[in-house]
Amino acid sequence: MIDRRTFLIGFGATLAAPRAFAAQRGPLVLAAASLQESLSAAADAWARLGHARPVLSFAASSALARQVAAGAAADLFISADEPWMDDVQRRGLIVPGSRADLVGNRLVVVQPATAQAPGKVPLSRLLASGRVALADPASVPAGRYAQASLTRLRLWDAISSRVVRAENVRAALALVERGAAEWGVVYATDARASGRVRAVRMLPAESHPPIRYPLARLKASTSPDAEGFRRFLLSGAGKAIFARFGFTAP
């Protein structure tokens with residue numbers, strides 16, 4: 001038979017196990033799909049400093065913001081635009097004073113790397129035919145920026161019937177990689193991360209709202225490392241990692 005002392009020790013260890021696991025797990029970070037390579041590198045760098053490696057979950061900012069609103073038990077949220085972070089903040093779900101702009105980005109027109117390079121032709125001629133892959137402009141930041149730019153450049157009406165809408169910017173990139181779309185508008189960092197597309201034109205920065213990725217700690221956070229990792233991402237060392245992947249200052 002198990003004596004009372006042995007039982008109490010075992011029962012106490014069982015109760016402590018979830019707390020110990022929580023302490024060992026790194027912070028859960030919900031991040032825009034375009035941050036996959038850069039944020040993974042930052043998480044690796046943080047782990048090399050002796051911390052538990054953060055757990056990263058990537059998707060469209062719209063989908064992640066809805067997860068936060070639904071009560072997701074995450075520690076940090078990084079959106080690819082300000083409106084979705086604004087939405088989370090209005091709901092009172094971020095820690096006051098923890099919001100900061102992390103990085104910026106640019107938009108480029110891409111084509112499959114196997115296609116013939118178009119040369120220096122006007123953008124209107126470049127997009128005169130063929131399907132154009134975009135992250136869904138109805139909700140996804142990359143698509144919103146792209147639609148704003150193409151509207152400002154007076155090209156949207158001509159291409160809107162040929163737009164192929166994707167659930168996030170990496171899905172739009174994948175359509176071009178597979179040849180399912182002749183053109184795509186994605187972030188410059190996405191084009192840089194793929195060896196299967198060619199960037200053929202940079203869209204004017206003034207043709208769309210500034211691309212900023214805000215970062216904030218969530219009130220649902222339970223990780224003791226969440227604030228430390230947030231500060232690391234915003235530090236000079238963190239920003240150098242993002243710059244290495246082509247991100248700009250916000």
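Things to note:
- Given (1) surrounded by fewer than 23 Cβ atoms within 10 Å (Cβ to Cβ); (2) without any contact (Cβ under 8 Å) to a residue 60 or more places away in the chain; (3) out of contact with any Phe, Trp or Tyr (no Cβ under 7 Å at 6 or more places or on another chain), number of the condition Val200 does not satisfy: (2)
- Every listed requirement among (1) within 22 Å of the chain's Cα centre (by Cα); (2) open to solvent by 70 Å² or more (accessible area, probe 1.4 Å) is met by Asp157 save one, (1).
- Subset of the stretch 157-166 [touching a helix residue (DSSP H, G or I) at 6+ places or on another chain (Cβ under 8 Å) and closer than 25 Å to Ala63 by Cα]: Val164, Arg165, Ala166
- Residue in the stretch 113-132 that is among the hydrophobic types (A, V, I, L, M, F, W, C), under 30 Å from Pro224 (Cα atoms) and touching a helix residue (DSSP H, G or I) at 6+ places or on another chain (Cβ under 6 Å) present: no
- The residues of the stretch 184-199 that are in contact with a helix residue (DSSP H, G or I) (Cβ under 7 Å, 6 or more places away or on another chain) and not polar (S, T, N, Q), listed by number, are Gly184, Val185, Val186, Tyr187, Asp190, Ala193, Arg196, Val197, Ala199.
- Scanning the stretch 34-66 for residues that are touching a helix residue (DSSP H, G or I) at 6+ places or on another chain (Cβ under 8 Å) and of a type in the set (Ser, Thr, Tyr), we see that the one that is most open to solvent (accessible area, probe 1.4 Å) is Ser57.
- Just one of the listed residues (Gln111, Gln147) is under 30 Å from Met85 (Cβ atoms), surrounded by 15 or more Cβ atoms within 10 Å (Cβ to Cβ) and not charged (D, E, K, R), and it is Gln147.
- Count of the stretch 211-235 residues which are assigned to a helix (DSSP H, G or I) and open to solvent by 60 Å² or more (accessible area, probe 1.4 Å): 1
Table: residues versus (1) within 14 Å of the chain's Cα centre (by Cα); (2) closer than 22 Å to Gly246 by Cβ; (3) modelled with pLDDT of 95 or more.
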site	(1), (2), (3)
Leu49	no, no, yes
Ser61	yes, yes, yes
Ala65	yes, no, yes
Val68	no, no, yes
Ser79	yes, yes, yes
Val103	yes, yes, yes
Lys120	no, no, no
Leu123	no, yes, yes
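- Here Asp136 meets the list (1) under 17 Å from the mean Cα position of the chain (by Cα); (2) over 23 Å from Ser62 (Cα atoms) almost entirely, failing just condition (2).
- With respect to (1) surrounded by fewer than 17 Cβ atoms within 10 Å (Cβ to Cβ); (2) on the phi < 0 side of the Ramachandran plot, the lone exception for Leu126 is condition (1).
- Hits in the stretch 167-190 - residues which are open to solvent by 20 Å² or more (accessible area, probe 1.4 Å), among the charged types (D, E, K, R) and under 14 Å from Ala60 (Cα atoms): Glu167, Arg170
- The helices (runs of 4 or more DSSP H) located wholly in the stretch 143-210 include none with 3 or more residues which are modelled with pLDDT of 95 or more and at positive phi.
The values are calculated or read from the model by the stated rules, or taken from the named source; none is laboratory data. If you're wondering where the values come from, they're calculated on a predicted model, not measured in any experiment. Note that we place each Cβ from the backbone using ideal geometry, even for glycine, and neighbour counts take in every protein chain shown. Just the protein is used for accessible areas: all its heavy atoms, side chains included, with ligands, DNA and RNA removed. Shrake-Rupley method; radii C 1.70, N 1.55, O 1.52, S 1.80 Å.
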